[in-house]
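As structure tokens, the structure follows; a few thoughts come after it.
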Amino acid sequence: MHSNSLLLAAATSVSFLADLASAHGFVTGVRVNGGTWFPGSDPVWYYYPQGAPATTGWNSLNQDLGFVSPSDFGSNNIACHKSATPGKLYINANAGDSLTIYWNTWPGDSHKGPVINYLAQCNGECTNANAGSLSFTKFDAQGYSSGTWATDRITAPNNFTTTVRIPPRLRPGNYVLRHEIIALHGAGSDNGAQNYPQCLNIKIGGSGSVSLPGGTPGNMLYSRSDPGIRFNLYTNNINYPIPGPALWTGAN
């Protein structure tokens, strides 16, 4: 009887952890200007015997739909998630286009925080890049405003989507879009923030002439003590500082 109880408890714990992990999300794909659909990486790629399907998204070892913790900020995992490898396709878009980014789900009632977008230009084809070689420029960031977190706008009104505009004067080229949610429900404690970076290849066309600045390597974007990483969201007067390098508007 005792051993059966232990087995039941273990099974219940595994089920609970599975449900907890499944509550987190991933980017299923991107729609350009409300039209053409470009698929992202589904974490189940890992289990395909024939290998991962070709998508625009970077494959990573996030099969638990988990996160990158602040203790891992010094590694390349924070760039595009754990052990990420580049997607084999590109989103095709022009400078100034709108990208609607689709998450499969997001637990917005509990996992509140900022939504941040970066671009990194590839030296050649992004399909041959590695996370450690990329330097990211923050070009869009939404945090907390008028009682609403950026994650709130992903869930209730927008059916797990968020939209970002490519800077209209950006020079054509091959880029990696780094889209990220940082969940702050545990961030009042050291190492409590949860980063969910998602990377996708994007080939940008158009007639823009402005290049990205030098950018910041992924493993230098944040530190675990940054005010926007170590942050207690359970306060009355929220004044949230979005973490990371300064917002770049040079191609707007």
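Read-outs throughout are calculated quantities, based only on the coordinates presented, and are distinct from any laboratory measurement. As the structure is a prediction and not an experimental result, all values here were calculated from the model. Ideal geometry is used to build each Cβ from the backbone, glycine not excepted, and the neighbour counts take in all protein chains shown.
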Original post:
Any idea what angle helix 2-22 forms with the longest principal axis of the chain, computed on alpha-carbon atoms, 0 to 90 degrees, nearest 10?
Top reply: 20 degrees
**OP:** Determine how many Å³ per residue the convex hull of the Cα atoms of the chain encloses.
**Re:** 144 Å³
Subject >> Estimated vicinal HN-Hα couplings, Hz - region 210-225 in sequence order (Karplus 6.51, -1.76, 1.60; Gly, Pro = x) >> reply: 9, 8, 4, x, x, x, 10, x, x, 6, 10, 5, 9, 10, 5, 9
Original post:
When N counts the residues of region 131-243, how does its alpha-carbon radius of gyration compare numerically with 2.2 N^0.38 Å, as a ratio?
Top reply: 1.19
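Per the Kirkwood treatment, what hydrodynamic radius in Å, one decimal, follows for region 48-133 from the mean inverse distance over all distinct Cα pairs?
Numbers: mean 1/r = 0.0658 Å⁻¹.
For region 48-133, inverting the mean 1/r across all distinct Cα pairs yields 15.2 Å.
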Subject >> Cβ-placed point charges (K, R +1; D, E -1), dipole of region 116-209 about Cα centre in debye, nearest 20 >> reply: 380 debye
**OP:** Select from VAL210, SER145, THR155 the residue farthest towards the positive end of the dipole of the chain; place +1 on Cβ of Lys and Arg, -1 on Cβ of Asp and Glu, and compute about the Cα centre.
**Re:** VAL210
Original post:
Cα-Cα pairs above 16 Å in region 194-251: how many percent?
Top reply: 63 percent
**OP:** For region 89-140, would you read off the P(r) tail past 13 Å as a percentage of all alpha carbon pairs?
**Re:** 74 percent
**OP:** Sticking to Cα atoms, compute the Rg of region 119-184 to one decimal and its Dmax as the biggest Cα-Cα distance, whole number, in Å.
**Re:** 14.7, 43
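About the Cα centre of the chain, how large is the charge dipole given +1 on each Lys and Arg Cβ and -1 on each Asp and Glu Cβ? Please answer in debye to the nearest 20.
Working: 13 positive and 12 negative charges, 115 e Å.
Computed charge dipole of the chain: roughly 560 debye.
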Original post:
Looking at PRO70, GLY25, TRP58, which one has the Cα that reaches farthest to the positive end of the dipole of the chain (charges on Cβ: Lys, Arg +1; Asp, Glu -1)?
Top reply: TRP58
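I need the fraction of alpha carbon pairs in region 18-166 separated by more than 20 Å, rounded to a whole percent.
Within region 18-166, distances greater than 20 Å cover 53 percent of Cα pairs.
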